[in-house]
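Chemist: Sharing a structure here in structure tokens format.
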Amino acid sequence: MKKKAKSTYEEFIEDDEQRDLLDKEYKELLLSELLIAAMEHDHISVRKLASAAGVSPTIIQGLRSGSRANITVDTLSKILDAVGYQIIFTPKHEDGKRFKLA
């Protein structure tokens with residue numbers, strides 16, 4: 001039986017480093033898209049959002065453009081709160097298994 005040829009994506013995703021990079025960049029894109037959509041929906045500017053969240057406009061612009069991704073949970077929480085969202089932590093796996101603490 002003939003093996004099915006792998007797509008470029010399938011070959012790419014098999015490499016652990018490439019998969020990790022894709023996951024990281026995808027998460028950054030999601031945050032950027034969420035922020036842009038929320039700001040457009042509320043008709044709020046970068047400066048107004050920054051003021052409402054108590055952060056620098058540079059942080060907001062960096063998140064929108066994807067050039068800034070490493071922010072604190074506190075800063076992210078303030079920004080999301082200002083656009084009507086919240087951070088919710090849920091188990092990553094469906095089975096709900098967690099690490100056992102020593």
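Derivation of every value follows stated rules applied to the coordinates shown; laboratory data play no part. This one's a predicted model, so the numbers in the text were calculated from it and none came from an experiment. Cβ sites come from the backbone with ideal geometry, for glycine too, and all protein chains shown count toward neighbours.
Chemist: Counting Lys and Arg as +1 and Asp and Glu as -1, each charge on the Cβ, what is the dipole of the chain about the Cα centre in debye, to the nearest 20?
Modeler: Around 140 debye, computed over the chain.
Chemist: Sticking with this structure for a sec: Taking a virtual spin label 7 Å from the Cα of GLU17 along the C-beta vector, which residues in the range 55-91 bring their backbone nitrogen under 12 Å of it?
Modeler: Taking a point 7 Å out along Cα→Cβ of GLU17, no residue of the range 55-91 has its backbone N under 12 Å.
Chemist: In addition: First select every other residue whose beta carbon is under 15 angstrom from the beta carbon of GLU11; then total the charges, Lys and Arg +1, Asp and Glu -1.
Modeler: -1
Chemist: Assign one of three labels to the range 30-82, namely rounded, prolate or oblate, based on the Cα gyration tensor with a ≥ b ≥ c the square roots of its eigenvalues; rounded applies when a/c is under 1.5, prolate when it is not and a/b is larger than b/c, and oblate otherwise.
Modeler: Rounded, because the longest to shortest axis ratio a/c is under 1.5.
Chemist: Which is farthest toward the positive dipole end of the chain among ILE13, ILE87, THR58, measuring Cα position about the Cα centre, with Cβ charges +1 (Lys, Arg) and -1 (Asp, Glu)?
Modeler: Toward the positive end, the furthest listed residue is ILE87.
Chemist: I'd like the trypsin sites (Lys or Arg not before Pro) in the range 21-92 restricted to DSSP loop residues with at most 11 other Cβ atoms within 10 Å, sorted by number.
Modeler: The qualifying sites are LYS92.
Chemist: By how many nm would the segment from GLU33 to SER45 grow when fully extended, if each residue of separation counts as 0.36 nm and the alpha-carbon distance is taken off?
Modeler: 2.8 nm
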